[in-house]
Amino acid sequence: MFIKRLELINFRNYSNLNIEFINGFNILYGQNAQGKTNILEAINYLSLLKSHRSVKDKELIKWGKGKAYIKGVFQKNLGDFSVEVLISEESRKEAKLNGIKQNKASEVIGNANVVIFSPDDLRLVKEGPEVRRKFIDNELNQIKPKYQYYLSLYNKALFQRNNLLKSNFDKSLIDVYDQQLAEYGSYIVFHRIEFIKKLSIICRLFHRKITDGKEELVIRYKGDVYEEDINKIKEKLYLSYKNSIEEDLKKGYTSKGPQRDDLQIFLNGVDAKTFASQGQQRTAAISLKLSEIEIIKGERGEYPILLLDDVMSELDILRQKHLLDSLKGLQIILTITGIDDLGRLDFKNKKIFEVVDGRVQIKEL
Ligand SMILES: Nc1ncnc2c1ncn2[C@@H]1O[C@H](COP(=O)(O)OP(=O)(O)O)[C@@H](O)[C@H]1O
Ligand SMILES: [Mg+2]
């Protein structure tokens, strides 16, 4: 799949932008703070209806304006489709698929498949569990349209349970939330386990290839409940909420459940988070991201669009080469700041855009 055209009105620092991409390498080149990441953010927004920078929608509206508009025209094997979003100060956002307004976000989410790779992702191995959960959740949001819906229901119930724990509560109410959490949580845990199983097979192979067979990458789901069957997960989750109530009351929050899940990553048998070098951790992160792309391809039958935000400058030349060699046949939109990086990106099918202060110009070399 690829994006043919992007239109922005009053989005971030763009008043009005119309840009045509090629189905190959698209390079957004420019100094810092000119609007390169904003373009990637807009494309990613069309896929997930939320920003990857975890900001509120309103922050996306150009300062001093009341509304922001994003439109993308995409091409799949089956033909073209468009996604449009109108974000407004006052009302809920409106999303259209092929020009028709959709009342459910899940009808729009995941039509455009996008993988975004930013410097944060290079720290996937090293950082805390929330970064790894976000990695898993973003992927599942795209391939399971209902996932985001269940996740938001779960988070709502969790918030209410936590409030109840902190207040003078009526004990019978807690059970209502335990049941809800077990219901929504079982959907989340079931799909996370299934996804990590697939991921572990693919990323092991990628990693072997990237490290010339020197490193064995193993990943494992780490959660309070591990079961194959969704009903079993539900039962066990329910029990774990029930059994931790005394502890939760003391702590003032819910101590068990998928909000604490993690992904354990091992290199040659040892925990990569603690024992691997920075270079090894980065290579493992690349293997995980490349596997994410393959899983989307497997689920959707087409490669997603790959957005690479300032990733090149953080990798040494060998790792840049490994990354780019593995990325044949995808549309790539990448940002760079240094002209030196541009020289290194020696591709036949490329288009270069220069980004200066919310304006974009095609750059001929
Ligand atoms: N809501 C907004 N309205 C107007 N300008 C914004 C808004 N949000 C961010 N900006 C501006 O966008 C620029 C940053 O854009 P970004 O795409 O992150 O830069 P970079 O080219 O370094 O990737 C900054 O100049 C910032 O002030
Ligand atoms: Mg940037």
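The values are calculated or read from the model by the stated rules, or taken from the named source; none is laboratory data. Please read these numbers as outputs of a predicted model, since none were measured by experiment. Don't worry about glycine lacking a Cβ; one is built from the backbone with ideal geometry, like all the others, and counts go over all protein chains shown. Please note that ligands, DNA and RNA were not included when accessible areas were found on the heavy atoms of the full protein model with its side chains. Shrake-Rupley method; radii C 1.70, N 1.55, O 1.52, S 1.80 Å.
The table for this structure:
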{"quantity": "Violating pairs (Cα-Cα greater than 18 angstrom) within the set Lys76/Lys297; Lys197/Lys289; Lys71/Lys93; Lys198/Lys289; Lys297/Lys348", "calculated": "Lys297/Lys348"}
{"quantity": "Per residue solvent-accessible surface (Å²) - the range 119-301, probe of 1.4 Å", "calculated": "48 Å²"}
{"quantity": "Candidates Ile116, Ile174, Ile219: whichever shows maximal mean-square fluctuation once the chain is modelled as a Gaussian network with Cα springs under 10 Å", "calculated": "Ile174"}
{"quantity": "Antiparallel bridges, percent of DSSP beta bridges restricted to the range 68-144 (to nearest 5)", "calculated": "100 percent"}
{"quantity": "Proximal aspartates and glutamates relative to Lys4, as straight alpha-carbon distance under 17 Å, when same-chain residues fewer than 8 apart are discounted", "calculated": "Glu20, Glu41, Asp80, Glu84, Glu302"}
{"quantity": "The range 119-301 - Rg (one decimal) and Dmax (whole number), Cα, Å", "calculated": "17.9, 60"}
{"quantity": "For Ile352, distant residues with modelled amide H under 5 Å away", "calculated": "Ile27, Lys363"}
{"quantity": "Packing-based order for 74-86, 133-145, using average beta carbon neighbours within 10 Å, highest first", "calculated": "133-145, 74-86"}
{"quantity": "Shape call, the chain: gyration tensor on alpha carbons, a/c limit 1.5", "calculated": "oblate"}
{"quantity": "Sulfur and carbon atoms: percent of accessible area, the chain [1.4 Å]", "calculated": "48 percent"}
